[in-house]
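First the structure, in the form of structure tokens, and then the observations on it.
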Amino acid sequence: MLIHDLAVRPEPPESESARAILRAYLDDVVSRFHGRCLTADELEAAERDFANDDLVPPRGVLLVAWLHDCPVGCAGLRFGQAKTGEVARVFVDGQHRRRGIARALMTELESHARRRGLRRLRLDTRHDLIEARELYASLGFLEVAPFNDGPYAEHWFEQILS
């Protein structure tokens, strides 16, 4: 079910709203990795370890999904070499999932990629993020051989943009 009051727009990662949704993203994915809620210190450490300074022009973009003036999701795109972009930080707040928000974020990311002249999008994800893997497959991403050695990468996907 697509949400009619949804707005997706670029946002600087250091803005208050972007920082809030990125913090929610880290809390979710790192807690899932550890199988428990994070402490405040662990969340602060994760924020230091996962910098977002490459999700700003000219190296990238961070999109934030807004619903009724509240940030509910995000997705980042790094503009890479050889006309390849790297998708990162795809997240929708738990109470807003399964409503088309992640799909809207990814559609807008693809538009940004095309405008930049990118021909391919890549991403990696973990084994336990089943919903993410299902989303990427439904959007036409194909699982490919590993293209990086990220410590949390267990599945690699690629999409050729037409």
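Of all the residues in region 63-105, those that are among the hydrophobic types (A, V, I, L, M, F, W, C) and touching a helix residue (DSSP H, G or I) at 6+ places or on another chain (Cβ under 6 Å) number 10. Screening the candidates Gln81, Gln95 for the property of being closer than 22 Å to Ala18 by Cα and either surrounded by fewer than 13 Cβ atoms within 10 Å (Cβ to Cβ) or of a type in the set (A, V, I, L, M) (or both) yields one hit, Gln95. When you check Pro71 against the structure, is it at pLDDT 90 or above and part of a loop (DSSP other than H, G, I, E, B), yes or no? Answer is no for this residue.
Inside region 40-51, residues that are surrounded by 10 or more Cβ atoms within 10 Å (Cβ to Cβ), over 23 Å from His96 (Cα atoms) and of a type outside the set (D, E, K, R) make up a count of 3. Being in a loop (DSSP other than H, G, I, E, B) and either over 16 Å from Val8 (Cα atoms) or basic (Lys, Arg) (or both) is the requirement here; does Ala137 meet it? Considered against the rule, which asks whether it is in a loop (DSSP other than H, G, I, E, B) and either over 16 Å from Val8 (Cα atoms) or basic (Lys, Arg) (or both), Ala137 comes out as no. Of all residue pairs spaced 6 or more apart or on separate chains, those with beta-carbon atoms under 7 Å, a first member in region 32-44 that is among the charged types (D, E, K, R) and a second member that is surrounded by 12 or more Cβ atoms within 10 Å (Cβ to Cβ) and in a loop (DSSP other than H, G, I, E, B) are Arg32/Asp128. The lone criterion from (1) modelled with pLDDT of 95 or more; (2) in a loop (DSSP other than H, G, I, E, B) left unmet by Arg98 is number (1).
Cβ-Cβ distances below 9 Å connect the following pairs, each with a first residue in region 64-91 that is touching a residue at least 24 places away in the same chain (Cβ under 8 Å), a second residue that is hydroxyl-bearing (Ser, Thr, Tyr) and surrounded by 20 or more Cβ atoms within 10 Å (Cβ to Cβ), and a separation of six or more residues or different chains: Gly73/Tyr25; Cys74/Tyr25; Val87/Tyr136; Arg89/Tyr25; Val90/Tyr25; Val90/Thr125; Val90/Tyr136; Phe91/Tyr25. Just checking, which of Leu123, Leu109 is buried (at least 17 other Cβ atoms within 10 Å of the Cβ), farther than 18 Å from Phe33 by Cβ and modelled with pLDDT of 95 or more? Only one candidate passes the filter, namely Leu109.
The values are calculated or read from the model by the stated rules, or taken from the named source; none is laboratory data. Quantities reported herein were computed from a predicted structural model and do not represent experimental measurements. Note: ideal-geometry Cβ built from the backbone for every residue, glycine included; neighbour counts use all protein chains shown.
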